[in-house]
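Below is one structure, written out as structure tokens; the observations come after it.
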Amino acid sequence: MELIRARIRDIPDFPKPGILFRDLTPLLADGEAFHLATEALAAQAGEFDLIAGIEARGFVFGAAVAHRTRRGLILIRKPGKLPAETIGFDYGLEYGRDRLELHRHDLPAGARVLLVDDVLATGGTAEAAIRLVTSAGAKVTRALFVVELADLGGASRLTVPHISLVRL
């Protein structure tokens, strides 16, 4: 995990003053580090039918794990990004409200879903994604993250087992 940790860049005051942004683009740009992260995530996947990747970097890691495990990928997106019929879930953020959506017909009832995202911070988005998948009649079996910002306490909001490759 040291190579993965070494490829996470800190960007102070982004997107606004006082925020320390954890940038994973150096990890993605390093083929070996990206491969190691993908393999490590896939090794922790457990039993599942489909992967749900959260917009936007969760798509990158989710697609890589889906490819590695030969499973399908559904996209959890911000409103207005999916062209077919959607279901959604509204949730609160520390600075307002947001919404996540998925295509209604992409997620079969009873499916076991592996949730994948890049960073677990406050947990609001991951919690909303879990509730969205559950409201669609599926079950999130586990959530996987490349990085967990432990001091923000997001893990306490999750109602499913979760694994983070790196805790900062």
### Query
Quick one: which of 4-10, 79-85 comes out on top by average Cβ neighbours within 10 Å, and what's the full order, highest first?
4-10, 79-85
### Query
Using alpha-carbon pairs under 8 Å, 6+ residues apart, how would you state the relative contact order of the range 46-167 in percent?
25
### Query
Size of the dipole of the chain about the Cα centre, Lys and Arg at +1 and Asp and Glu at -1 on the beta carbon, nothing else charged, in debye to 20?
320
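Going by how many other beta carbons lie within 10 Å of each one, how would you line up L20, L100, L73, L144, fewest first?
Details: L20 11, L100 23, L73 19, L144 26.
Listed from fewest to most nearby Cβ atoms, that is L20, L73, L100, L144.
Counting other beta carbons within 10 Å of each residue's own, what order do H162, H103 fall into, fewest first? Can you show the working numbers first?
Details: H162 20, H103 17.
Ascending Cβ contact count within 10 Å gives the list H103, H162.
When each pair of different Cα atoms in the chain is counted once in the 1/r mean, what is the Kirkwood radius in angstroms, to one decimal? List each step's numbers first, then the result.
Working: mean 1/r = 0.0623 Å⁻¹.
Radius from the Kirkwood sum: 16.1 Å.
Laboratory data are not the source of any read-out in this text; all were calculated from the coordinates shown. Note that the coordinates shown come from a computational prediction; the quantities given were computed from them, not determined experimentally. No Cβ is skipped: glycine too gets one built from the backbone with ideal geometry, and neighbour counts run over all protein chains shown.
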